[in-house]
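One structure is given below, encoded as structure tokens.
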Amino acid sequence: MKKKPIIIGIETSCDDTGVSIIQDKNVLSNIIIPQKIHKKYGGVVPELASRLHDKNITKAVQKAIVSAKINKNQIDAISFTLGPGLIGSLLVGASFAKSFSMGLGIPLLTVNHIQAHILSHFIKNANINNSYPKFPFLGLVMSGGHTQIIEVNDFFKMKILGSTLDDSVGETLDKIAIILGFHYPGGPMIEFFSKNGNNEKFIFSKPIVNGLNFSFSGFKSDVLQFIKKKLKKNTFFVKQNLSDICASIQKITAEILLEKVQKAILKTDIFRIVLAGGVSANSEIRRIFISFAKKNKKYEIFIPKKKYTTDNGAMIAITGLLKYERNLFDSIHVSSYSKFKTF
Ligand code: AMP
Ligand code: MG
């Protein structure tokens, strides 16, 4: 029997160096080297991120090969994130992937990072549903850099229906988290401290944005102003109300996201929803979408396993494999891009 192709995926768009090897939609290895240095700066410092990718990339690749129990000569193609993301970080992954492709004489596959978040659902057993979503579906990508509703008609036939006009949802949670005294990334800390909180104690304004676009900066300012005002009167306000504040923020965030998806369903008549991106790790967001889907048998909701929500090499490798199967190879002369372009 012919050997199934083995693809290596390289992800360096932000602050995690991710390298994964997959074969036949099975993850053979998935290595992530996170960058803790950004914690003390309250956000990702681009210059430091690229330097650390440069330091860690060969280590991550070597680890991925060893843990996949393969030899580098068995790899059939290399895929890497071309964009969007931090340009210095992307260039590290691109240079590595191009050299690897030339050195081993294997094809190069470029990956759009947003597309990869969605296509991570095509890794075997990548979601809690343990099944692949059928087309068409609505993808909701919510991450540190992006918030988008995408109509997905096929693996590489995607159309953006709505995007954030300002901050992404992850960025918003991370910025709010700083004022609550957490370090970057704050999203998981907000989730942690919201346990046992009263999610109706504090009401923050929801942005009014027509159509399917999002806006999070107004919501963020509302929360920040509210907390600053309360702190002036009582310096212990955050400490005394931490779990209620976190639970209330989380609930409103989940509602903003769900309301837009409901609008998208009405507009497109597509009832299948696929969540992706780091913020989709959040249990309250998962809970609110699952309970929405229970209301009507027509709705289907796909939730990624937590390890595939934040940036990882496996989502780049699966997108590479899907491209490989369709002969969608790229030239060594491609250029990385930081801003989102069309798919
Ligand atoms: P990504 O850009 O896809 O790697 O996602 C990173 C973003 O996801 C950051 O803004 C994190 O704060 C956010 N994030 C990760 N886990 C959670 C969580 N459990 N709840 C809320 N946000 C989260
Ligand atoms: Mg991402």
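The values are calculated or read from the model by the stated rules, or taken from the named source; none is laboratory data. Quick caveat, the model's predicted, so the values are computed rather than measured. Don't worry about glycine lacking a Cβ; one is built from the backbone with ideal geometry, like all the others, and counts go over all protein chains shown. The area values use the complete protein model at the heavy-atom level, side chains included, leaving out ligands, DNA and RNA. Shrake-Rupley method; radii C 1.70, N 1.55, O 1.52, S 1.80 Å.
Brief remarks on what is shown
- Separation between Cα centres of the range 4-67 and the range 287-343, rounded to whole Å: 17
- Nearest-ten-degree value, helix 217-233 long axis tilted from longest Cα axis of the chain: 50
- Tensor-based shape of the range 71-198 (alpha-carbon gyration tensor, a/c under 1.5 rounded, otherwise prolate or oblate): prolate
- Within the accessible area of the range 131-304 (1.4 Å probe), percent carbon and sulfur: 55
- Note on the chain: with a GNM built from Cα contacts shorter than 10 Å, the maximum mean-square fluctuation among Ile149, Ile21, Ile290 falls on Ile290.
- Helical mean residue ellipticity (222 nm; -39500 (n - 2.57) per DSSP H run of 4+; nearest 500) of the chain: -13500 deg cm²/dmol
- Fluctuation leader among Ile273, Ile301, Ile288 - the chain, Gaussian network, Cα springs under 10 angstrom: Ile288
- A simple spin-label model places pseudo-atoms 7 Å from Cα toward Cβ; at Leu104 and Ile203 they are separated by 5.8 nm.
- 30 Å Cα-Cα threshold exceeded, pairs from Lys305/Lys341; Lys230/Lys341; Lys36/Lys134: Lys230/Lys341; Lys36/Lys134
- Aspartates and glutamates whose Cα lies under 20 Å from that of Lys55, excluding same-chain neighbours fewer than 8 positions away: Glu11, Asp15, Asp16, Glu47, Asp311
- Maximal additional length on extending the Gln240-Glu325 stretch stands at 25.0 nm, based on 0.36 nm per residue less the C-alpha distance.
- Ordering of 74-80, 162-168, 308-314, 233-239 by packing [mean C-beta count within 10 Å, highest first]: 308-314, 74-80, 162-168, 233-239
- Global geometry of the range 131-304, whether rounded, prolate or oblate, following the gyration tensor of its Cα atoms and the 1.5 cut on a/c: prolate
- Cα→Cβ-extended label distance, 7 Å offset, between Lys339 and Ile290, nm: 4.0
- Given Lys195/Lys297; Lys159/Lys339; Lys195/Lys306; Lys175/Lys260; Lys232/Lys260, the pairs whose alpha carbons are separated by over 26 Å: Lys195/Lys297; Lys232/Lys260
- Applying 0.36 nm per residue to the separation of Phe135 and Lys159 and subtracting their alpha-carbon distance, the gain on full extension is 7.3 nm.
- Take the range 131-304 with all the other protein chains still there, run a 1.4 Å probe, and you get 46 Å² of accessible area per residue.
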